[in-house]
Amino acid sequence: MDDLKLIRRKPRSDMVRNRERLLDAAKFVFSAGGPDASLEAVARRAGLGIGTLYRHFPTREALFEAVYRHEVEELGAYAERLKSGVAPVDALRLWLHANVELVATKKGMLAALALATHAPADLYAYSLDRLTRAVGELLQRAVDTDEIRSDISPEDLIRALVGMCHLHDQPGWQVSVLRLVDVFVDGLRIRG
């Protein structure tokens, strides 16, 4: 019987759809309402019952973490899509702009993430690694075409973006940060 392995069934399509609906709804509710946004509001926005939410995410922290991980994965996938059909500097700029939205979502979740029972450092290490790899590939494309200076690292870009986002913590901060990202990217360009 040792050779007998349990075969894990693929999740039902309705379960996958419900999970995605919950993640989308949670992203909206958490970024709009901050860490005090209710789980009932998430379920209501998703058009699902609270029991469905708890079957997918047994705790508030599990939902916060899932939303954050989902957003990080989406940014990684977005970087892959930008590598084809978009000019290197434009791809870099678009990806950095997309990160501002992640930061907006994350700001609403920081308090809950800090309460999570697992080590939040694991979540931050995971996201930093994934985001650094994604921006590194976009940056390298722009450097290889001699459009962006080569003395900037992916870590530098992430630090600059995080700094811009956290220094602008008042209403309308996103518009200001998007403008600063454009100025920053333009400053990295090699002028002929």
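The values are calculated or read from the model by the stated rules, or taken from the named source; none is laboratory data. Predicted, not measured: the structure shown is a model, and the values here were computed from it. Quick reminder, even Gly has a Cβ in these numbers, built from the backbone with ideal geometry, and neighbours come from all protein chains shown.
For the reader, a short list of remarks on this structure follows.
- Of the residues making up the range 154-166, not a single one is on the phi > 0 side of the Ramachandran plot and not small (G, A, S).
- Verdict on V183 being loosely packed, with under 12 Cβ neighbours inside 10 Å, within 18 Å of H97 (Cβ to Cβ) and hydrophobic (A, V, I, L, M, F, W, C): yes
- Residue that is surrounded by the most Cβ atoms within 10 Å (Cβ to Cβ) [pool: residues in the range 56-86 that are under 12 Å from the mean Cα position of the chain (by Cα) and hydroxyl-bearing (S, T, Y)]: Y68
- Selection from the range 42-55 of residues that are crowded, with 17+ Cβ neighbours inside 10 Å and assigned to a helix (DSSP H, G or I): V42, A43, R45, A46, T52, L53
- Scanning the range 153-192 for residues that are modelled with pLDDT of 85 or more and more than 18 Å from L94 (Cα to Cα) yields a total of 1.
- Test: residue in the range 46-56 that is among the aromatic types (F, W, Y) and over 30 Å from R141 (Cα atoms): yes
- Cross-chain or 6+ apart pairs with Cβ under 7 Å, the range 48-72 first and under 29 Å from H97 (Cβ atoms), then small (G, A, S) and surrounded by fewer than 19 Cβ atoms within 10 Å (Cβ to Cβ): F57/A66; E61/A116; E65/A116
- The range 85-108, residues that are at pLDDT below 90 and out of contact with any Pro (no Cβ under 9 Å at 6 or more places or on another chain): G85, N99, V100, E101, L102, V103, A104, T105, K106, K107
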